[in-house]
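**Student:** I'd like to ask you about the structure that follows.
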Amino acid sequence: MPGSRPETWTFLSNHGHVLLCLAMQPGIRVRDVADRVGITERAVLRILAELEAGGYVERQRAGRRTIYRVDLDRPMRHPVESTRPVRDLLEALADAWR
């Protein structure tokens, strides 16, 4: 019966969910990303470090806050979609945020 048990997988990885949160709300707090994605703050910090190391995200301090900039023109990582920029994915999913 649909909806009777929790889903065990999703179409996007936690990396994709975190990236979407950052793109839609550049000043979002790590705590809020964790709540929205459904993972721990520690997991968000690990994903942020990986996204930053891969060149997908830059962090900039603004007083006590951190502002995130997503490089929308970087190609997606998997060979199947590597000819497309991250922008395409985020634009397709932007309505989910609102």
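Readers should treat all values here as calculations from the given coordinates under stated rules, not as data from a laboratory. Not measured: the values here are computed from a predicted model. Heads up, the Cβs are rebuilt from the backbone with ideal geometry, glycines too, and the neighbour counts pull from every protein chain shown.
**Student:** Using only helices, what value at 222 nm comes out for the chain when you add -39,500 (n - 2.57) per DSSP H run of length 4 or more and divide by the total residues, to the nearest 500 deg cm²/dmol?
**Tutor:** After summing the helix terms and dividing by residue count, I get -13500 deg cm²/dmol.
**Student:** Quick one: if you stick a label point 7 Å off each Cα along the C-beta vector at residue 59 and residue 25, how many nm between them?
**Tutor:** About 1.8 nm, to one decimal.
**Student:** Which residue, 62, 11, 76, has the largest displacement toward the positive end of the dipole of the chain when charges sit on each Cβ (Lys, Arg +1; Asp, Glu -1)?
**Tutor:** Most positive-ward Cα: 62.
**Student:** Using only alpha carbon positions, build the gyration tensor of the stretch 47-98, then give the equivalent ellipsoid semi-axes as the square roots of 5 times its eigenvalues, largest first, whole angstrom.
**Tutor:** Working: eigenvalues 99, 46, 13 Å².
Those come to 22, 15, 8 Å.
**Student:** Give the calculated FRET efficiency between residue 81 and residue 14 to the nearest 0.05, with a Förster radius of 22 Å applied to their Cβ-Cβ distance.
**Tutor:** Rounded to the nearest 0.05, the efficiency is 0.80.
**Student:** Of the listed values (1) 17, 55, 27, 1; (2) 15, 47, 30, 8, 1; (3) 15, 44, 33, 8, 0, identify the label whose number matches P(r) over Cα pairs in 10 Å bins from 0, in percent calculated from this model.
**Tutor:** (2)
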